[in-house]
Amino acid sequence: MKYDKRILCIGAGYVGGPTMAVIASKCPRYSITVVDIDQARVDAWNSGKPPIYEPGLDDVVRQGLGRNLFFTTDIARGIRENDIIFVSVNTPTKTFGAGAGLAADLQYWELAARQILEHAESSKIVIEKSTFPVKTAQAMERILMSRNDGIHFDVLSNPEFLAEGTAIRDLVNPDRVLIGSRINERGLKARDTLVEIYANWVPRERIFTSNIWSSELSKLASNFFLAQRISTINAMSAVCEKTGADVSEVAGIVGMDSRIGSKFLNASIGFGGSCFKKDILNLVYLCRVEGLEEVANYLEGVVRINEYQKERFVLNMLTAMFNTLAGKKICLFGFAFKADTGDTRESPAIDVTRKLLEEHAEVIVTDPQALENAREDLADAERAVAFVEDPYEAVRGCHAIAVMTEWNLYRELDYKRIYDLMVKPAFVFDGRNILDHKALFEIGFNVYPIGKRPMSHF
Ligand code: NAD
Ligand code: UGA
């Protein structure tokens with residue numbers, strides 16, 4: 001078949017896979033190839049059963065597979081045969097050398113750039129889809145320009161704003177699509193090509209174009225603003241617990257101000273996910289390198305409050321359960337970093353588990369989608385952790401439940417039955433404020449929400 005455009009994406013992960021599947025479904029006349037170095041991931045995508053859990057994803061992938069959506073490990077061929085290349089590789093926090101613990105580890109990105117350089121036989125548009133430090137496009141340009149043989153590479157920044165659990169909805173109906181380019185003839189032409197792709201389904205007024213550095217920084221800034229709201233409401237939750245105020249009421253009242261808005265004000269055990277912490281630390285690093293120490297400290301505070309919230313949660317458990325958790329069985333409801341995903345990267349449940357184990361508690365983890373990842377995350381734990389799929393089985397003989405993930409499933413359980421299966425006095429620590437606390441208290445539980453007065457029988 002003759003396709004109108006040939007698009008490649010390097011990286012078949014949480015972003016590359018869903019994003020390309022949606023482009024393939026919205027643009028049946030384009031050929032979309034996704035390459036990855038991980039054969040098992042590629043096989044999973046090709047089987048029609050994606051390697052990640054994301055509502056609605058299976059259907060979109062199956063629609064495109066074999067028609068105009070292809071997954072492969074043949075990177076060289078992918079680069080040769082496609083003119084528009086998205087780079088959607090991982091950009092984790094560096095764990096070694098200068099900037100360790102703060103800066104982004106750019107080795108995957110640089111390898112991808114060098115592969116493009118090595119295999120390209122014609123000019124290409126190269127698009128940063130991963131979240132990169134500001135000025136990465138310049139480094140990418142410098143690597144790609146080193147060939148000097150008439151082949152030209154135009155680098156664009158097109159950061160992704162999807163959230164896991166709602167990825168398909170976010171991709172199909174995005175608040176905005178951002179495209180940053182060089183403001184010169186070539187840059188603007190490349191930008192228009194990418195605008196044309198998105199315009200197949202995104203209204204033009206939601207496609208925002210900017211200079212390339214604004215685009216790179218806006219992605220990091222957006223994640224900071226979102227994370228900042230969570231740390232702010234979590235800081236307020238600590239104040240609520242000391243004063244008798246109720247954090248849900250405070251969030252409701254504050255959020256009614258249209259200048260503030262009501263979203264992202266749910267107090268919790270803290271934000272998780274592969275990006276918020278990494279992206280904020282990345283900005284912190286940039287500020288430190290540029291001598292903006294005051295700004296760096298301000299940004300870093302958001303991450304510090306997030307760590308504090310997890311510590312506070314476990315300390316509250318310890319205090320409520322008579323200052324010892326040793327030998328007590330604690331069942332974690334959920335391990336994913338949020339509902340509707342199996343992703344556990346930076347999940348607060350990991351830190352909570354480790355802190356509970358330090359207190360010599362026995363931890364039982366249940367989750368509808370994340371048990372496999374949870375097992376890997378805790379493979380090096382100093383004490384054994386049990387993984388049980390059925391929540392009723394998981395709570396048997398437990399002293400406490402701690403809600404880590406806001407899965408709907410946990411709202412709908414039979415808590416009288418659960419109470420009967422547990423050791424008394426039975427405790428619930430609701431790290432997401434999703435349960436009916438009054439009803440639990442009436443059943444007999446001692447209930448400890450976030451940012452609200454505890455409901456205790458003693
Ligand atoms: P991921 O780890 O799920 O996927 C990255 C994939 O790239 C992996 O499968 C890896 O094997 C592959 N890869 C690495 N180097 C490669 C190479 N040279 N050639 C081919 N494949 C290669 O990561 P992700 O969650 O998809 O995130 C990717 C980027 O998108 C990150 O920069 C992240 O910050 C950003 N982002 C993520 C989300 C999200 O919800 N996960 C949302 C917006 C932006
Ligand atoms: C986040 C952003 O929402 C996306 O726009 C962005 O593209 C993405 O990061 C990224 O760059 O990776 P994601 O991490 O998938 O998406 O999920 P969120 O819905 O933002 O939740 C992040 C964490 O904050 C979760 O642990 C969630 O439970 C927590 N959260 C969220 C709260 O504790 N309270 C809230 O009110 C909202």
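Only bridges whose two residues both fall in the chain count here: according to DSSP, what percent of them are antiparallel, nearest 5?
For the chain, the DSSP antiparallel bridge percentage is about 5.
Over the residues of region 83-148, compute the C-alpha Rg and express it relative to 2.2 N^0.38 Å.
Numbers: Rg = 12.5 Å, N = 66, 2.2 N^0.38 = 10.8 Å.
Relative to the rule-of-thumb radius for its length, region 83-148 sits at 1.15.
Can you list the residues, at least 5 places off or on another chain, whose amide H is less than 5 Å from the amide H of Ile207, using H built in the peptide plane?
Val177
Tell me which residues come under 5 Å, amide H to amide H, from Ala402 once H is placed; ignore anything under 5 positions away on its chain.
Excluding prolines and chain starts, which carry no amide H, the hits are Cys331, Leu332, Phe333, Phe429.
Let me know the volume per residue of the alpha-carbon convex hull for the chain, in Å³.
156
Efficiency by 1/(1 + (r/R0)^6): what FRET value for Arg67 and Glu196, r their Cβ-Cβ distance, R0 = 25 Å, to the nearest 0.05? Write down the numbers at each step before the final one.
Values: r = 21 Å, r/R0 = 0.83.
Computed FRET efficiency for Arg67 and Glu196 comes out at 0.75.
If you average 1/r over every pair of different alpha-carbon atoms in region 147-204 and take one over that average, what Kirkwood value in Å do you get?
Working: mean 1/r = 0.0769 Å⁻¹.
Mean inverse Cα-Cα distance, inverted, gives 13.0 Å.
How much FRET efficiency would the formula 1/(1 + (r/R0)^6) give for Ala139 and Asp414, where r is the Cβ-Cβ distance and R0 is 35 Å, rounded to 0.05? Could you put the intermediate results ahead of the total?
On the way: r = 56 Å, r/R0 = 1.60.
With a Förster radius of 35 Å, E is 0.05.
Specify whether the C-alpha gyration tensor of region 1-132 places it in the rounded, prolate or oblate class, a ≥ b ≥ c being the square roots of the eigenvalues: rounded for a/c under 1.5, otherwise prolate if a/b is larger than b/c and oblate if not.
Values: a/c = 2.14, a/b = 1.34, b/c = 1.60.
The shape class here is oblate.
Below 8 Å, C-alpha to C-alpha, sequence gap of six or more: please give me the relative contact order for the chain in percent. Each step should come with its number before you reach the end.
Working: 894 pairs, mean separation 51.6, N = 458.
The normalised contact order for the chain reaches 11 percent.
Calculate, in nm to one decimal, what Ala40 and Glu121 gain on full extension: separation in residues at 0.36 nm each, minus their alpha carbon distance. Walk me through the numbers on the way to the answer.
Values: separation 81, 0.36 × 81 = 29.16 nm, distance 2.86 nm.
This chain segment gains 26.3 nm when fully extended.
Counting only other residues whose beta carbon sits under 11 Å from that of Asn373, what net charge do I get with K and R as +1, D and E as -1?
Details: positive: Arg345, Arg375; negative: Asp343, Asp367, Glu372, Glu376, Asp377.
Local net charge: -3.
Report the charge-dipole magnitude of region 172-248 in Debye, nearest 20, computed about the Cα centre from +1 at each Lys and Arg Cβ and -1 at each Asp and Glu Cβ.
Value, rounded to 20: 240 debye.
Under 18 Å from a point 7 Å along the Cα-to-Cβ line of Leu315: which residues of region 414-448 have their amide N that close?
The answer is 430-431, 448.
At 0.36 nm per residue, minus the direct Cα-Cα distance, what do Asn173 and Glu81 gain on full extension? Give it in nm, one decimal, please. Intermediate values should be presented prior to the final figure.
Details: separation 92, 0.36 × 92 = 33.12 nm, distance 2.96 nm.
Full extension of this stretch gives 30.2 nm more.
Could you tell me what % of all Cα pairs in region 60-188 have separations over 19 Å? Could you put the intermediate results ahead of the total?
On the way: 4750 of 8256 pairs.
Cα-Cα pairs of region 60-188 separated by over 19 Å account for 58 percent.
Can you give the charge dipole size of region 121-254 about its Cα centre, rounded to the nearest 20 debye, using +1 on the beta carbon of Lys and Arg and -1 on the beta carbon of Asp and Glu?
320
Working out 0.36 nm times the residue gap between Asn323 and Lys242, then minus their Cα-Cα distance, what length gain in nm do you get to one decimal?
Working: separation 81, 0.36 × 81 = 29.16 nm, distance 1.88 nm.
That pair, Asn323 and Lys242, stretches by 27.3 nm at full extension.
With r as the distance between the Cβ atoms of Phe225 and Leu421 and R0 = 51 Å, compute the FRET efficiency 1/(1 + (r/R0)^6) and round to 0.05.
Details: r = 43 Å, r/R0 = 0.84.
Once rounded, the FRET efficiency stands at 0.75.
Could you look at the chain and say what percent of its accessible area is carbon and sulfur, using a 1.4 Å probe and all protein chains? Before the final figure, lay out the partial values.
Values: 10320 of 20240 Å².
Carbon and sulfur: 51 percent of the exposed surface of the chain.
Roughly how many Å² of Phe225 are accessible to a 1.4 Å probe, to the nearest 10?
Number for this one is 130 Å².
Please say if region 176-307 is rounded, prolate or oblate, where rounded means a/c under 1.5 for a ≥ b ≥ c the square roots of the C-alpha gyration tensor eigenvalues, and otherwise the choice is prolate for a/b larger than b/c and oblate otherwise?
Cα axes put region 176-307 in the oblate bin.
Is region 317-449 best put as rounded, prolate or oblate by its Cα gyration tensor, with a ≥ b ≥ c the root eigenvalues, rounded for a/c under 1.5, and otherwise prolate when a/b is larger than b/c, oblate when not?
Details: a/c = 1.67, a/b = 1.20, b/c = 1.40.
Oblate is the answer for region 317-449, as a/c is 1.5 or above yet b/c matches or exceeds a/b.
List the GluC sites (Glu not before Pro) within region 235-342 that DSSP assigns to loop and that have no more than 12 neighbouring Cβ atoms inside 10 Å. Could the numbers behind the result be given before it?
Numbers: sites: Glu241, Glu249, Glu290, Glu293, Glu294, Glu300, Glu307, Glu311; in loops: Glu290.
Loop-located and lightly packed - Glu290.
Please go through region 111-186 and write out the GluC sites (Glu not before Pro) that DSSP classes as loop and that have at most 10 other C-beta atoms within 10 Å. Don't jump to the answer; show the numbers that get you there.
On the way: sites: Glu118, Glu121, Glu128, Glu141, Glu160, Glu164, Glu185; in loops: Glu121, Glu160, Glu164.
The qualifying sites are Glu121.
The values are calculated or read from the model by the stated rules, or taken from the named source; none is laboratory data. The shown structure was predicted, so the numbers you read here are calculated from the model rather than taken from an experiment. Because the Cβ atoms are built from the backbone with ideal geometry, glycine has one as well, and the counts that use them run over all protein chains shown. Each accessible area value is taken on the protein alone, full model and side chains, heavy atoms only, with ligands, DNA and RNA left out. Shrake-Rupley method; radii C 1.70, N 1.55, O 1.52, S 1.80 Å.
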